[in-house]
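The values are calculated or read from the model by the stated rules, or taken from the named source; none is laboratory data. Since the structure is predicted, the reported quantities are computational estimates derived from the model, not experimental observations. Because the Cβ atoms are built from the backbone with ideal geometry, glycine has one as well, and the counts that use them run over all protein chains shown. For the accessible areas, the whole protein counts, side chains as well, though only heavy atoms, and no ligand, DNA or RNA atoms are used. Shrake-Rupley method; radii C 1.70, N 1.55, O 1.52, S 1.80 Å.
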Amino acid sequence: MKISEKILMDQSGLIENGPITIVAFGDSVTHGALALGEMNYETVYWNRLRKKINQVRDFVPVNVIDAGIGGITAKASLGRMESQVFAHNPDLVTVCFGLNDVNGSLDDYVGSLRSIFERCNAQGCDTIFMTPNMLNTYVADDTDESLKEYAAITAEIQCSGKMDRYIGSAVQVAEDSGIRVCDCYSKWKALAATEDTTMLLANRINHPKKEMHELFADSLFKMII
């Protein structure tokens, strides 16, 4: 049953099928990370998405499993799919990796995503690959001192086009796998034409500010509804 259909259930539908369950599978942004040492599970995109769905139809409960872990990659997440994703029998799985994967090889990234998508397809899960935000494009003066060395690395990754290549390859893998793509990275790139996107990052490296999670939530909501 598609999530767009399940949202319309009446009491008998709820008795038969139960509430909507979404698993948000990803890294630190999905986990809820903002500035250094700060987590917020209220403003994170998947909670905003849950609220948007219930604004349309408040009779059907929407449960979201946060399967995001700070600092993790797609490759390192393959071993936790059974226990942290499929065990919840999700109606929808959102997949968002790339911010840490770009520090490794492109083959590991796209190969791991291909495995994730194949396993989701085999389980019959409705799946959306959501591309991540941009990295910082320079080392901001107000970057925490402990992060400035890494900020220089991520700025080079973004400005050299490496991040573009990784996300472009990931989108292609998703499309080849028959997975819908919610391309938020392209929306960040469009913002970069007129805005300083580094200032839209809470940690000035890779964690979007609270309000930028609305871009993710709104983009997903429009795909689902």
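Annotations
- With R₀ set to 45 Å, the beta-carbon distance separating Asn54 from Glu156 gives a calculated FRET efficiency near 0.60.
- Take the Kirkwood radius over Cα pairs of the range 74-168, plug it into Stokes-Einstein at 20 °C and 1.002 mPa s, and you get 145 µm²/s for translational diffusion.
- Centroid-to-centroid separation of the range 93-114 and the range 121-199 [C-alpha atoms, Å]: 11 Å
- Taking a sphere under 13 Å around the Cβ of Lys6 and counting the other residues whose Cβ falls inside, with K and R at +1 and D and E at -1, yields a net charge of -3.
- Rounded to 10°, Cα long-axis angle of helix 213-224 versus longest principal axis of the chain: 40 degrees
- In this simple spin-label model, placing a label point 7 Å from the Cα along the Cα-to-Cβ direction at both Lys209 and Glu38 gives a separation of 1.0 nm.
- Residues of type aspartates and glutamates that Lys187 reaches as a straight line, Cα spacing below 14 Å, ignoring anything fewer than 8 places off in the same chain: Asp164, Glu195, Asp196, Glu214, Asp218
- Here the dipole of the chain is about 420 debye; that uses its Cα centre as origin and unit charges on the Cβ of Lys and Arg (positive) and Asp and Glu (negative).
- Classified by the C-alpha gyration tensor, the range 1-86 has an oblate form. Its axis ratio a/c, with a ≥ b ≥ c, is 1.5 or above, and a/b does not exceed b/c.
- Listed residue pairs exceeding 23 Å between alpha carbons, taken from Lys148/Lys210; Lys52/Lys162; Lys51/Lys210: Lys52/Lys162
- The apolar share of the surface of the chain, taken as the fraction of accessible area on carbon and sulfur atoms (1.4 Å probe, ligands and nucleic acids excluded), comes to 50 percent.
- Accessible area in square angstrom per residue, the chain, 1.4 angstrom probe: 43 Å²
- Geometric descriptor of the chain, per residue, is 113 Å³ (volume of the convex hull of the Cα atoms).
- Order of exposure, largest accessible area first, which applies to Tyr109, Tyr41 with probe 1.4 Å: Tyr41, Tyr109
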